[in-house]
Amino acid sequence: MYSESISKVIWEDVLDADIVFISFFTFAAPRGYELAQYIKKNSKAIVVIGGLHASMNYTEAVLYCDYVLLGEGDESVLEFINAIKTGSPLDFPGIAYKKGDRIISTGERKPPENINTIPDRNLLYNFKKMAGHNTIWAQVHASRGCPHSCDYCAVVRHFGRRVRTRTPDNIVEDIRQAIEFHDRRRFPRILKILWITDDNFFAERDWAISVLKAIIASGIKYTFTIQARYEVGFDDEMLSLLKQAGFSQLAMGIEFLEDDSFAQFHKASNYDDIVRSIANIQKHGINVRGLFIMGADNHTKGVGYRLAHFVEQHDIRGVLIQSMYFIPGTPAYEAKNTQLIHKDWSKYRGHVVHHPKNISAYDLQKEIIGASRRIYSVKNTIKALLTRTWNEKLLYIGECFWQRSVRSDLKRELPNLK
Ligand code: SF4
């Protein structure tokens, strides 16, 4: 397996394969298609594209490959390989392909029920070498699906609203292996953080509690981070367990600061609850990182300033600020399809890609840049370096560099938006 975020692809290896599977998110689709066409041109391999973007947008993906695998690939990848090996017809659910001018789809596939799989991290070429880098955190994914239905979210469209979970023992073993993989090396990592990458880990409360108890009982001493909705901030038992298990930070999908925006995108959330939730999480000794979206219909000039002020006022530790993104297949995409500036998917990663209702695209991009600049100002940097723990200082410095590169990226796009 190769990931272009980890290393270069060894082409001699890939080009003599019988089947090549390619997967990517929306922003990487142009690169994924480029690779698919290169492989088709230079080898005899059957090229299969899968993953979130291709599944939700298979009529596009199918133009660049032989087959698209729809939905989760855990089981269909094996079924596909076996069918090719034995020459059986590719007629099982979850396949799309082109036949002449027609696009054939065998329909949706039932998602796998058993997701108790610990990934073999050694299968990813050069991952072990990169795993020591401080920007590459150990990761474990414990559940799939989310019962909510926010209009812009592709997670729920791809994984469904029914939450499927791994067993606590299986998750703890995966955490153990992930830590060993990332830490056993000549020069140990400075920042020892493991990210539980679930989109909504707390959706199944009893299960979440049992996982946290299993982590505590395992005796693993590590620093964890996880994404969360605001409701977790009202659950004192959960917060105590999170603290005991070693969770130092919750990345909260705050998204907006106005109730109108929550309503516009059907996000079950409100400003007052978010503020109360943040305060209670912090009372339990856990930091809150803020994930924000700009570009709702009611956003006007000054939205960036308000966001930065909120972050400072509520001692939010670290932010991700993105313009509203529109993943094909989501209700947000359907609603705003005609207001998109372009469909260059490579820009669908936080850049402004639509004409917002009450602010120009150019000004909105400037608001995002301004908010980041203010949050990571010299004054706030000095304050962070004087008051935070060593781990938090390192994280802050890393964030400063990362935010700087994000801002330069956004700035490069300004002339086009103008
Ligand atoms: S709560 Fe989070 S994961 Fe669930 S639908 Fe909304 S944005 Fe997606």
Looking only at segment 99-138, count every residue that is exposed (fewer than 13 other Cβ atoms within 10 Å of the Cβ) and of a type in the set (Ser, Thr, Tyr) and tell me the total. 2
Does Ile209 qualify as being assigned by TED's automatic domain parsing to the domain that holds Phe127, in contact (Cβ under 8 Å) with a residue 40 or more places away in the chain and among the β-branched types (Val, Ile, Thr)? no
What's the number of the condition Ala45 fails, among (1) over 25 Å from Gly329 (Cα atoms); (2) free of Cβ contacts under 8 Å to residues at least 24 places away in the same chain? (2)
Can we say Asp183 is farther than 18 Å from Ala214 by Cβ and out of contact with any His (no Cβ under 6 Å at 6 or more places or on another chain)? yes
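From Gly87, Gly145, grab the single residue that is more than 22 Å from the chain's Cα centre (by Cα) and of a type outside the set (Asp, Glu). Explain how you work it out, then say what you get.
Values: Gly145 fails: more than 22 Å from the chain's Cα centre (by Cα).
The conditions single out Gly87.
Return the residues of segment 329-345 that are in a loop (DSSP other than H, G, I, E, B) and buried (at least 20 other Cβ atoms within 10 Å of the Cβ); say none if nothing qualifies.
Matches in segment 329-345: Thr330 only.
Check every one of the strands (runs of 3 or more DSSP E) wholly within segment 79-198 and list those with 1 or more residues that are within 16 Å of the ligand (Cβ to nearest atom), in contact (Cβ under 8 Å) with a residue 12 or more places away in the chain and on the phi < 0 side of the Ramachandran plot.
193-196
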Kindly indicate whether Glu367 is within 22 Å of Trp137 (Cα to Cα), in the same structural domain as Phe262 (by TED's automatic domain parsing) and either crowded, with 21+ Cβ neighbours inside 10 Å or touching a residue at least 60 places away in the same chain (Cβ under 8 Å) (or both). no
With respect to Arg388, is the statement that it is modelled with pLDDT of 95 or more and in the same structural domain as Ala332 (by TED's automatic domain parsing) true? no
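Confirm whether Thr86 is among the polar types (S, T, N, Q), closer than 30 Å to Val163 by Cβ and surrounded by fewer than 20 Cβ atoms within 10 Å (Cβ to Cβ). Step through it out loud before you land on a result.
Numbers: among the polar types (S, T, N, Q): yes; closer than 30 Å to Val163 by Cβ: no; surrounded by fewer than 20 Cβ atoms within 10 Å (Cβ to Cβ): yes.
Here the answer is no, as Thr86 does not meet what is asked.
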When residues of segment 247-280 are filtered for being surrounded by fewer than 18 Cβ atoms within 10 Å (Cβ to Cβ) and small (Gly, Ala, Ser), how many remain? 3
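Report the residue count in segment 199-222 for those that are in contact with a helix residue (DSSP H, G or I) (Cβ under 7 Å, 6 or more places away or on another chain) and away from the ligand (no atom under 16 Å from the Cβ).
Of segment 199-222, the ones in contact with a helix residue (DSSP H, G or I) (Cβ under 7 Å, 6 or more places away or on another chain) are 199, 201-202, 208-216, 218, 220, 222.
So of that shortlist, the ones also away from the ligand (no atom under 16 Å from the Cβ) come out as 209-216, 218, 220, 222.
Residues that pass the stated criteria total 11.
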With Tyr305, Tyr362, Tyr348 as the choices, which residue is touching a residue at least 40 places away in the same chain (Cβ under 8 Å), crowded, with 21+ Cβ neighbours inside 10 Å and assigned by TED's automatic domain parsing to the domain that holds Gly233? Tyr348
Search result, residues across segment 99-151 that are among the charged types (D, E, K, R) and touching a Pro at 6+ places or on another chain (Cβ under 6 Å): Arg109, Asp151
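The values are calculated or read from the model by the stated rules, or taken from the named source; none is laboratory data. Being a predicted model, the structure only gives us computed values, none of them experimental. Don't worry about glycine lacking a Cβ; one is built from the backbone with ideal geometry, like all the others, and counts go over all protein chains shown.
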